[in-house]
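Novice: The structure under discussion is supplied below as structure tokens; questions concerning it will follow.
The values are calculated or read from the model by the stated rules, or taken from the named source; none is laboratory data. Bear in mind the structure is a predicted one, so any value in this text is a computation, not a measurement. So basically every Cβ, Gly included, is an ideal-geometry build from the backbone, and we count neighbours across all protein chains shown. Calculation scope for accessible area: heavy atoms of the full protein, side chains included, ligands and nucleic acids excluded. Shrake-Rupley method; radii C 1.70, N 1.55, O 1.52, S 1.80 Å.
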Amino acid sequence: MSRTEELPTTTKSAVLNKVYDMQIKETPVKEMKPTDVLVKVMAVGICGSDVHFYDSGRLGDFVVNAPLILGHESSGQIIAVGDEVTGFKVGDRVALEPGVPCGKCEYCRSGRYNLCPNVKFMATPPVNGDLTQYITWPADFVFHIPDDMTYEVGSLSEPFSVSIHAAQLMDIQPGSTVFISGSGPVGLLAILAARAFNAGKIIASDAELSRLEVAKKLGATDTIDVTKEDIKTKVKNLTNDHGADYVIEASGNNHAESDALLTLGRGGKIAYVGMPAHDTAPLDIMFMTTYEPQIFGVFRYANTYPLAIKILHDHMDEAENLLTDFYDLEHTRDAFERTRTAKSDSLKVIIYPNEKLRTK
């Protein structure tokens, strides 16, 4: 095993004891296997799913029944490499893919490992996440980030992978029209994904004007303020009554989930990405039987990290627009409260488990 120093055996971690009860604790560092690397975590982004666990104690069927380390959007620096690891060395800057599948089931063997029923995914009970100073992780799910990419942008590889996966599932074609419902971090990153797939027109919606301004900076050709305009009418107007070719529903709002389907043109495709507050939303069956849309559910991603990192590297300055708030590990609870409550002037909140690299 190669290393730079005596390896840590404990690490400071942000642990969710129960709803709203976040505590910084010393936790053990998992022992390395020959196929693992040990990473000093430099930046972690807070995801909406983390907030669901924080303020509700659950997300769908996943329930927090024991203390849990949150966080699954991370980048860092390798400080030790297992004896069987190739392609990495101490000092490498990396992004961590947070899901480790079994590698043996039919889904893994077909390449759709995001559907593996036995996947171990960071910060999904009972698997601990990466809001910790040091984490041991399989090298197969660690990816180099360029030297000129900041750790903060590197941590966006995880949420951006969701948008990439949606674009790949729908097979977005050059010159097409893409409507993105909801301009939170994943929706905004979906704009970059649509651009990477050479969409001709990209329409983004949201209830917050500040987020629509960021959408324009990231490349949206048109925006819709849902507090003033009906998305069905507006999308039809912007497409000469044709409707969108593709829709990425990223808001998780049940009303928007129903209406977003109706913005499609005939034979269009919609991908549902946003995690809803309620499990069900009504769908217009008459529309579905006359317009023949294709509907995709999006569960995480598979085989996306190299492409996500490349696109982010090509658009680093634009991606910086998503980074709005920065906290050290000791103030993790404040960071979660900021994410939970500040929708108008906050997008991606970053936590630094080790040294704080930026201030607001």
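Novice: Tell me, which residue of segment 246-285 that is small (Gly, Ala, Ser) and under 15 Å from His52 (Cβ atoms) is surrounded by the most Cβ atoms within 10 Å (Cβ to Cβ)?
Specialist: Only one residue fits best here, namely Ser251.
Novice: Looking only at segment 263-288, how many residues end up being on the phi < 0 side of the Ramachandran plot, of a type outside the set (Ser, Thr, Tyr) and in a strand (DSSP E or B)?
Specialist: Residues flagged as on the phi < 0 side of the Ramachandran plot, of a type outside the set (Ser, Thr, Tyr) and in a strand (DSSP E or B) within segment 263-288 amount to 7.
Novice: Please specify each residue of segment 5-38 satisfying the condition of being outside any strand (DSSP E or B) and either touching a Ser or Thr at 6+ places or on another chain (Cβ under 9 Å) or acidic (Asp, Glu) (or both).
Specialist: Across segment 5-38, the qualifying residues are Glu5, Glu6, Val19, Val29, Lys30, Glu31, Met32, Lys33.
Novice: Here's a follow-up. Within segment 301-320, which residues are open to solvent by 40 Å² or more (accessible area, probe 1.4 Å) and closer than 24 Å to Gly252 by Cβ?
Specialist: Across segment 301-320, the qualifying residue is only Glu318.
Novice: When only residues in segment 42-60 that are part of a loop (DSSP other than H, G, I, E, B) and touching a strand residue (DSSP E or B) at 6+ places or on another chain (Cβ under 9 Å) count, which is surrounded by the fewest Cβ atoms within 10 Å (Cβ to Cβ)?
Specialist: That would be Gly57.
Novice: Pull out all pairs, ordered by first then second residue, where Cβ-Cβ is under 8 Å, the residues are six or more apart or on different chains, the first lies in segment 253-267 and is under 15 Å from Asp230 (Cα atoms), and the second is surrounded by fewer than 20 Cβ atoms within 10 Å (Cβ to Cβ) and among the basic types (Lys, Arg).
Specialist: What qualifies is Asp259/Lys232; Leu262/Lys232; Thr263/Lys232; Thr263/Lys236.
Novice: Right, here's the next one. Restricting segment 215-240 to residues that are open to solvent by 20 Å² or more (accessible area, probe 1.4 Å) and assigned to a helix (DSSP H, G or I), which is farthest from Ile311 (Cα to Cα)?
Specialist: It comes out as Thr233.
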